[in-house]
Amino acid sequence: MKFFWTILFAALLAGCATYHPDPLSPETTAGNFQARSLTNEDLCAFLDTNHFDGKWDLSALTLVAFYYQPALAEARAQWAAVRAAEITAGARPNPSVSVTPAYDSQIPDNPSPWIVPLTFDIPIETAGKRGKRIAEAKDESEAARWDLIGQIWETRSHVRTALLNLYAAQREESLLARQEMAQSNVMRLLEGQLSLGSASSYDVTQARVALETTQLAREDAIGQANQSLAQLAGALGVPMGALEDAPFDFDDFTHFPDNLTAPGIRARALYNRADVRGALADYAASQAALQLEIARQYPDVHLGPGYAWNNGNAGDNQWSLGLTVTLPVLDQNQGPIAEAKARRAQAAAHFLTVQTTAITEIDSAIAGYDAARKKAAVAGTLLEDLQKQLRSARAQAQAGEIDGLARANAEAEYATGAQAQTQALIQAQQALGDLENAMQSPSILPPETVDAAANQQIK
């Protein structure tokens with residue numbers, strides 16, 4: 001028996017977890033962050049696994065964010081913590097043993113007056129409580145998974161917004177540089193005419209003000225480009241230096257898809273959006289929680305077998321069997337049941353709110369996208385007309401039919417029209433981003449890409 005208890009105690013200790021410290025150093029984490037780059041070997045392996053084609057476009061940069069973004073790593077950790085609760089929910093209650101030594105000096109001819117009875121307590125859960133706990137934990141884990149998927153879409157949205165802002169700022173700066181050159185030519189020609197007495201100082205001053213205004217706008221565009229680059233670095237989860245000299249591909253912002261406005265896509269989005277599915281999982285968890293509280297009306301059973309041995313003349317084996325049941329006389333768990341019912345009603349109301357918000361966002365995004373595309377089309381037509389006008393002015397100037405000033409004014413007018421067309425395109429791309437966020441369509445982020453983002457671990 002001595003060896004039995006020793007072996008049993010050793011086996012129990014072997015199954016216990018041990019604590020291993022994992023200190024967190026701000027200096028180390030900051031250094032690791034500064035070392036992040038687009039050439040990291042583990043990142044490159046992750047990109048290759050997800051079909052990286054060598055272009056730093058929106059898709060590739062989204063994968064970089066899936067690998068590096070700290071907010072996404074935090075969401076993964078939160079999901080892991082909720083999943084760990086499934087282990088807790090499935091745990092069975094441990095039996096216990098009680099040792100109550102007794103001393104009886106009145107037993108005749110007993111060489112040892114000590115009696116050592118053992119009493120066991122074996123809890124038995126009733127009404128399927130364990131299964132209902134597991135069901136609730138799984139539903140909560142599913143809700144947390146959809147929260148993670150929602151964070152994945154948010155991460156992708158931040159990357160797209162930052163990249164679009166960078167594209168807009170760089171294109172604006174390029175157009176302003178062209179306009180600055182055209183306005184500089186206008187002012188130079190007016191100054192020449194002023195010296196000949198064929199232009200007024202007022203005309204020259206107006207041209208100078210227009211040129212300086214354009215120069216200020218160009219400096220602002222350069223600043224916006226730098227800020228957008230910093231914004232993109234933050235969206236990716238890398239230091240700004242990691243993006244220096246990166247050859248970004250902006251081809252995604254030059255076309256407008258039609259498939260996202262199809263009725264079938266809208267219907268699927270109303271069910272497959274991460275927030276809608278998450279709210280639905282929350283409601284399922286509230287259902288399971290209510291079932292569990294109803295099951296707790298029924299008391300658990302505790303079996304209490306016992307054993308004692310007396311030696312000497314009174315030597316015998318004494319066995320006992322105890323049964324303990326809580327009598328539900330004063331409390332039938334009505335309070336927790338009422339709370340669970342209220343939480344289920346709250347979850348149902350929250351689901352309707354989320355679904356209604358999703359419907360509104362989708363319909364609003366579709367309307368905004370359609371209007372923005374029409375505006376971009378009109379701006380494109382206007383730019384084509386300005387292009388024709390500019391070609392005509394150049395031909396006339398070459399033929400000597402108009403002077404250089406008229407040609408310079410046509411160049412400046414075209415540059416202004418190009419800026420208006422660019423702004424219309426950027427607004428349409430922003431509307432497209434809103435529509436993509438509202439739809440959360442698999443055509444934008446395939447399921448395998450979402451799974452890769454959900455399960456990625458930074459090394």
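Data overview
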{"read-out": "Condition broken by Gln440, with the remaining ones in (1) on the phi > 0 side of the Ramachandran plot; (2) surrounded by fewer than 17 Cβ atoms within 10 Å (Cβ to Cβ) satisfied", "value": "(2)"}
{"read-out": "Among residues of region 346-385, those that are exposed (fewer than 14 other Cβ atoms within 10 Å of the Cβ), under 30 Å from Gln419 (Cα atoms) and among the β-branched types (Val, Ile, Thr), counted", "value": "2"}
{"read-out": "Close pairs (8 angstrom Cβ cut-off, 6 or more residues apart or separate chains): closer than 13 Å to Tyr68 by Cα and among the polar types (S, T, N, Q) in region 39-57, loosely packed, with under 12 Cβ neighbours inside 10 Å and modelled with pLDDT under 90 anywhere", "value": "none"}
{"read-out": "In region 313-329, the residues that are over 30 Å from Val116 (Cα atoms) and modelled with pLDDT of 85 or more", "value": "none"}
{"read-out": "Any chance Ala269 is surrounded by 19 or more Cβ atoms within 10 Å (Cβ to Cβ), under 30 Å from Ser96 (Cβ atoms) and touching a residue at least 40 places away in the same chain (Cβ under 8 Å)", "value": "no"}
{"read-out": "Residue within region 230-239 that is touching a residue at least 24 places away in the same chain (Cβ under 8 Å) and at positive phi present", "value": "yes"}
{"read-out": "Residues (in contact (Cβ under 8 Å) with a residue 24 or more places away in the chain and either part of a loop (DSSP other than H, G, I, E, B) or of a type in the set (S, T, N, Q) (or both)) located in region 15-38", "value": "Gln34, Arg36, Ser37, Leu38"}
{"read-out": "Close pairs (7 angstrom Cβ cut-off, 6 or more residues apart or separate chains): touching a residue at least 40 places away in the same chain (Cβ under 8 Å) in region 72-84, loosely packed, with under 12 Cβ neighbours inside 10 Å and polar (S, T, N, Q) anywhere", "value": "none"}
{"read-out": "Residue tally, condition among the β-branched types (Val, Ile, Thr), modelled with pLDDT of 80 or more and either in contact with a strand residue (DSSP E or B) (Cβ under 9 Å, 6 or more places away or on another chain) or within 26 Å of Leu327 (Cβ to Cβ) (or both), over region 81-140", "value": "6"}
{"read-out": "Set Glu191, Glu212, Glu172: member being crowded, with 19+ Cβ neighbours inside 10 Å, acidic (Asp, Glu) and either more than 30 Å from Phe33 (Cα to Cα) or touching a residue at least 60 places away in the same chain (Cβ under 8 Å) (or both)", "value": "Glu172"}
{"read-out": "Options Ala230, Ala288; residue that is closer than 30 Å to Gln34 by Cα, in contact with a helix residue (DSSP H, G or I) (Cβ under 8 Å, 6 or more places away or on another chain) and part of a helix (DSSP H, G or I)", "value": "Ala230"}
{"read-out": "Condition check for Ala262: touching a helix residue (DSSP H, G or I) at 6+ places or on another chain (Cβ under 7 Å) and among the hydrophobic types (A, V, I, L, M, F, W, C)", "value": "no"}
{"read-out": "Asp275 being closer than 26 Å to Gln430 by Cβ, acidic (Asp, Glu), buried (at least 19 other Cβ atoms within 10 Å of the Cβ) and out of contact with any strand residue (DSSP E or B) (no Cβ under 6 Å at 6 or more places or on another chain)", "value": "yes"}
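For every residue, the table says whether it meets (1) under 30 Å from Asp147 (Cα atoms); (2) assigned to a helix (DSSP H, G or I); (3) under 16 Å from the mean Cα position of the chain (by Cα); (4) basic (Lys, Arg).
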site	(1), (2), (3), (4)
Gln389	no, yes, no, no
Ala393	no, yes, no, no
Ala397	no, yes, no, no
Ala406	no, yes, no, no
Ala410	no, yes, no, no
Ala431	yes, yes, no, no
Ala453	yes, yes, yes, no
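The values are calculated or read from the model by the stated rules, or taken from the named source; none is laboratory data. Just so we're clear, the structure is a prediction, and the values are computed from it rather than from any experiment. Please note: Cβ atoms are built from the backbone with ideal geometry, for glycine as well, and neighbour counts cover all protein chains shown.
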